[in-house]
Amino acid sequence: MIARLRGRAAGRAGTGLVVDVNGVGYLVHATPSVHRLGDGEITVEVHTVVREDALQLYGFASGEERELFELLLGVSGVGPKVALAIVSGSTPAELRRAIARDDVKRFQAIPGIGLKTAQRVVLELKEKLASVADATTPSGELVARDALVGLGWSLVDAERALADVDESLSVEEQVRAVLRRAA
């Protein structure tokens with residue numbers, strides 16, 4: 001499997017980008033953030049899809065984008081094109097917040113996604129992202145989340161409430177802000 005390409009951006013074809021790696025041009029279906037990397041030497045995180053009749057590369061500017069794309073592929077009814085459209089529309093942090101807030105309409109606004117698919121994305125990824133969040137969330141946010149859980153909040157509700165709070169605040173200030181809004 002191809003996991004990363006480093007080379008020169010050699011051309012564009014729709015949402016695709018040709019990455020020249022030592023004279024070999026790889027067509028990568030890429031997010032807009034990859035297109036913004038420029039025309040010089042670039043590094044693209046890649047997810048490879050192998051099918052009977054094709055080998056397709058999907059490219060991302062960060063490992064976080066690729067990870068979210070791969071989680072989306074696990075959702076029933078979401079293939080690589082739809083997953084790429086979802087990841088292309090927002091930053092990974094914004095998508096995680098939308099899932100935590102049950103923002104189904106945000107996903108419905110993406111071409112090719114109907115109500116049922118949007119609901120499945122939110123439902124199926126909420127639990128997966130909650131378990132991944134333990135490894136990727138800044139420790140201060142985890143402490144604030146744990147404090148809210150200690151006060152009787154559910155894990156999902158605590159994460160949803162903290163999604164709107166400035167992460168640069170101290171743990172105590174984050175908890176206070178959430179409690180003020182809930183009152």
message: For the stretch 116-130, give me the residue count where each residue is touching a helix residue (DSSP H, G or I) at 6+ places or on another chain (Cβ under 6 Å), over 17 Å from A93 (Cα atoms) and surrounded by fewer than 16 Cβ atoms within 10 Å (Cβ to Cβ).
response: 1
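Listed here are the residues, each with its yes/no results for (1) surrounded by 12 or more Cβ atoms within 10 Å (Cβ to Cβ); (2) assigned to a loop (DSSP other than H, G, I, E, B).
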| site | (1), (2) |
| --- | --- |
| V28 | yes, no |
| L37 | yes, yes |
| I42 | yes, no |
| H47 | yes, no |
| L68 | yes, no |
| L71 | yes, no |
| S76 | no, yes |
query: When only residues in the stretch 52-66 that are exposed (fewer than 14 other Cβ atoms within 10 Å of the Cβ) and touching a strand residue (DSSP E or B) at 6+ places or on another chain (Cβ under 8 Å) count, which is farthest from R120 (Cα to Cα)?
result: L55
message: Looking at the structure I just gave you, is E52 in a loop (DSSP other than H, G, I, E, B) and over 14 Å from R12 (Cα atoms)?
response: yes
- line: Residue count, the stretch 93-103, condition in a helix (DSSP H, G or I) and either buried (at least 20 other Cβ atoms within 10 Å of the Cβ) or among the basic types (K, R) (or both), comes to 6
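Is it the case that K81 is touching a helix residue (DSSP H, G or I) at 6+ places or on another chain (Cβ under 8 Å) and not in a strand (DSSP E or B)?
Values: touching a helix residue (DSSP H, G or I) at 6+ places or on another chain (Cβ under 8 Å): no; not in a strand (DSSP E or B): yes.
No, not satisfied.
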- prompt: Is at least one residue of the stretch 79-100 in contact with a strand residue (DSSP E or B) (Cβ under 8 Å, 6 or more places away or on another chain), of a type in the set (V, I, T) and at pLDDT 90 or above?
  reply: yes
task: List every residue pair whose Cβ atoms sit under 7 Å apart, with the two residues 6 or more apart in sequence or on different chains, where the first one lies in the stretch 153-179 and is assigned by TED's automatic domain parsing to the domain that holds L129 and the second, anywhere, is among the hydroxyl-bearing types (S, T, Y) and crowded, with 16+ Cβ neighbours inside 10 Å.
output: none
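The values are calculated or read from the model by the stated rules, or taken from the named source; none is laboratory data. Please read these numbers as outputs of a predicted model, since none were measured by experiment. Neighbour counts run over all protein chains shown; Cβ positions are idealised from the backbone, glycine included.
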